[in-house]
Structures are given as structure tokens and as C-alpha cells.
Ligand SMILES: [Fe+2]
């Protein structure tokens with residue numbers, strides 16, 4: 001099975017559709033934050049549902065369904081969530097309420113952030129390989145009898161590998177094919193619509209569960225259109241400008 005795995009689309013319909021029009025896959029899975037920041041929460045969530053709506057809850061969806069969590073967001077993020085609430089129908093918000101925090105698939109798990117306490121949405125950046133939250137995620141993975149945890153949230157793609165001697169290695173974004181061995185992996189798939197690794201592209205992965213192969217991809221898309229729509233929507237200008245920088 002070839003899985004297209006997408007995270008952190010953040011209402012960027014241009015980046016999202018560029019991937020869908022480019023990539024071949026059997027099933028598409030979503031690692032949270034379909035909405036927020038960008039101008040097109042309606043079209044992005046609609047497309048997500050049309051594609052089967054299989055995915056996990058992100059902190060931005062949590063912001064929509066639990067407004068008491070809004071205080072935890074930056075001002076720009078909060079504006080994006082309030083904009084989302086105004087521009088999507090009630091049935092989409094109801095659908096967000098049934099998104100699970102963790103989704104178990106054949107040999108892997110999806111969770112927007114770390115597995116120890118999924119709804120606390122902890123950040124583990126590529127430079128944080130000694131993070132207690134990451135260690136906890138590896139423990140949960142082992143307990144659940146799975147080998148791979150696909151995650152997002154930081155918008156910075158990378159792979160953490162736990163070797164047999166319990167040491168953790170980190171690999172930054174890697175173009176080309178990666179064949180997984182029998183170790184445990186936490187794989188950050190990066191962000192479709194709000195890259196923050198300095199590469200202003202739409203990031204995602206394709207996982208082939210038969211070959212146990214991960215392919216990291218980053219596509220150019222119409223950034224100008226996405227940024228112009230943010231301006232027209234009266235969202236903070238900064239949210240459009242950062243798309244050009246990928247930061
Ligand atoms: Fe995000």
C-alpha cells in the first residue's frame with residue numbers, strides 16, 4: 001500500500017492541490033492542522049472530507065472545537081483560528097470533534113505531536129533528540145507493537161531513529177528513498193502549507209508499507225496566489241510573507 005501522508009496543510013489550498021495533482025498513491029492520511037493560518041479553511045477541509053477524512057486532530061482543530069485553548073496560541077495563530085470558525089460550516093466543526101488524537105494503522109501510528117500525552121501537543125524539533133517527550137513517544141510505540149510514528153506539528157521534516165542499543169539518531173530532511181530497518185522510528189513529515197525549515201515548498205512523504213520505503217518530497221507551488229489570498233482575506237500580512245521564506 002502506498003500512503004500519501006500530509007500534515008499541517010494550514011488552509012493552503014494551492015500547496016495542497018499541487019500535491020494531489022502530482023503524486024500517485026493508494027490512500028491519503030492526514031496528521032492534523034488542516035486549517036489555521038491560511039485563507040482557505042473551507043476548501044481544504046472540504047477536500048479532506050472528499051478524500052475520506054482519515055486523520056488525527058491537530059492543535060489548530062482543537063482551537064476551533066475548544067475555544068478555551070485559544071489563549072495558548074500566538075496572536076497570528078489565534079486570528080487564523082477565529083477566521084476559520086467564521087468560514088466553515090457547522091458540520092465541519094462537528095467532524096473535527098470526532099477526529100482521534102492517535103490513529104493506529106497496519107504497522108504505524110499517526111499523531112500530530114508526541115504520543116505520551118497527544119493532546120498537550122509538545123514540540124520536538126530536529127535538534128531535540130534527547131527530549132523526554134520523544135523518548136516517551138518511542139515507549140508508547142513499543143507498547144502498542146508498532147514501529148513507526150508519523151508526526152508533524154513543528155513544520156520541520158526529519159527522522160528520529162531509536163537503535164537497538166537505545167541510542168537515538170536524527171536525520172534531517174532527506175530527498176530520495178529511505179528503506180526502514182527493524183528499528184523504531186519517529187518520522188516528522190513536514191508541513192504542506194506552512195514550511196518552517198527554510199525551504200518554501202509543500203512538504204510531504206509517501207510511505208510504501210510493502211517495501212517499507214519512505215520518500216520525502218518538497219514541491220514548488222503557487223506561493224503568490226496563497227499569499228495574495230491571505231492579504232485579501234484580511235489575515236495578518238506576516239502569514240503570507242512567511243510562505244515565501246519557508247520560515
Ligand atoms: Fe501546524
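List of remarks:
- Principal axes of segment 87-181: Cα extent on each, largest first, Å: 49, 29, 25
- To the nearest ten degrees, helix 13-22 and the longest principal axis of the Cα atoms of the chain are 50 degrees apart.
- For the chain, the relative contact order is 23 percent, taking Cα pairs closer than 8 Å that sit 6 or more residues apart in sequence and dividing their mean separation by the residue count.
- Crossing angle, helix 223-232 versus the chain [Cα axis fit, 0-90 degrees, rounded to tens]: 40 degrees
- Stokes-Einstein diffusion coefficient of segment 183-247, Kirkwood radius over Cα pairs, 10 °C, 1.306 mPa s, in µm²/s: 121 µm²/s
- Per residue, the convex hull spanned by the Cα atoms of segment 134-195 amounts to 90 cubic angstrom.
- DSSP bridge pairs, the chain: antiparallel proportion in percent, nearest 5: 70 percent
- Per residue convex hull volume, Cα atoms of the chain, in Å³: 112 Å³
- Crossing angle, helix 41-50 versus the chain [Cα axis fit, 0-90 degrees, rounded to tens]: 50 degrees
- Percent of C-alpha pairs per 10 Å bin, segment 44-121, short to long: 17, 48, 30, 4
- Rounded to whole Å, the principal axis extents of the Cα atoms in segment 114-164 read 27, 25, 18, largest first.
- Kirkwood Rh, angstrom, segment 12-146 [1 / mean 1/r, Cα pairs]: 15.9 Å
All of the numbers you see were taken from the coordinates with simple rules; none came from a lab. Only a predicted model underlies this, so the values are computations on that prediction, with no experimental measurement involved.
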